[in-house]
Amino acid sequence: MNTEHTSDKPSLLLVDDDATFCQVLSAALERRGFSVRVAHNVTEGFTAAESDSPEYAIVDLKMPGPSGLELVKKLKDLDTHTRIVVLTGYASVATAVEAIKLGAIHYLAKPADADEIVAAFQRDSGNAAVPVETKPLPLSRLEWEHIQKVLTECGGNISETARRLGMHRRTLQRKLAKRPVKA
């Protein structure tokens with residue numbers, strides 16, 4: 001349920017654990033006509049949305065505590081009309097698919113600027129003209145994608161993911177701490 005806003009500007013909730021990034025992006029989005037509220041984790045984001053459901057939301061995927069995917073689900077449960085863009089520095093096919101299934105309208109890899117995000121909010125359908133990559137993914141990227149898929153299937157449980165992958169939990173944690181290899 002969307003509550004009335006005192007401003008005629010569209011409301012936007014920005015949820016990211018990087019305070020500097022939030023400060024810069026929120027200023028850029030305010031210049032583009034949005035009324036921006038900032039939160040730095042899933043709990044703060046959901047609390048802000050409960051008090052005043054946003055028209056738009058930008059959610060970082062990887063934050064301390066629960067994943068941004070949990071917030072996407074909660075925001076959509078709260079108001080199905082909220083238009084959500086997921087941002088991440090840890091892009092994978094598995095998380096992109098899950099974000100869209102949970103209700104995000106777009107998934108952007110960081111760094112993404114304010115203009116790209118605003119454009120993503122305006123998109124209502126996919127782009128059939130996107131070029132299809134013909135070169136196979138590097139083995140290290142395939143490994144990253146597979147780990148992300150299994151981690152998603154395990155609901156983010158690292159121990160269970162490590163067991164299913166047949167690797168030590170600490171080895172998996174080290175792999176997850178690294179940034180993914182570019183595709």
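Points to keep in mind about this one:
- One residue alone among A112, A104 is over 15 Å from L13 (Cα atoms) and open to solvent by less than 30 Å² (accessible area, probe 1.4 Å), and that residue is A112.
- Test: residue in region 5-22 that is surrounded by 15 or more Cβ atoms within 10 Å (Cβ to Cβ), closer than 30 Å to E143 by Cβ and touching a Cys at 6+ places or on another chain (Cβ under 8 Å): yes
Each row is one residue, and each column tells you yes or no for (1) β-branched (V, I, T); (2) under 17 Å from the mean Cα position of the chain (by Cα); (3) modelled with pLDDT of 95 or more.
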site: V24; (1), (2), (3): yes, no, no
site: Y56; (1), (2), (3): no, yes, yes
site: P64; (1), (2), (3): no, yes, no
site: L69; (1), (2), (3): no, yes, no
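- Residue check, L142 modelled with pLDDT of 75 or more and under 24 Å from D16 (Cβ atoms): no
- The requirement of being free of Cβ contacts under 8 Å to residues at least 40 places away in the same chain, over 23 Å from Q122 (Cα atoms) and open to solvent by 20 Å² or more (accessible area, probe 1.4 Å) is satisfied by T47.
- Subset of region 57-101 (residues that are among the aliphatic types (A, V, I, L, M), crowded, with 19+ Cβ neighbours inside 10 Å and part of a helix (DSSP H, G or I)): L69, L71, V72, L75, A96, A99
- Looking only at region 37-56, and only at residues there that are touching an Asp or Glu at 6+ places or on another chain (Cβ under 9 Å) and of a type in the set (V, I, T), the one that is farthest from G103 (Cα to Cα): V38
The values are calculated or read from the model by the stated rules, or taken from the named source; none is laboratory data. As the structure is a prediction and not an experimental result, all values here were calculated from the model. Positions of Cβ are backbone-derived with ideal geometry, glycine not excepted, and every protein chain shown enters the neighbour counts. Surface areas here come from the heavy atoms of the whole protein model, side chains and all, with no ligands, DNA or RNA. Shrake-Rupley method; radii C 1.70, N 1.55, O 1.52, S 1.80 Å.
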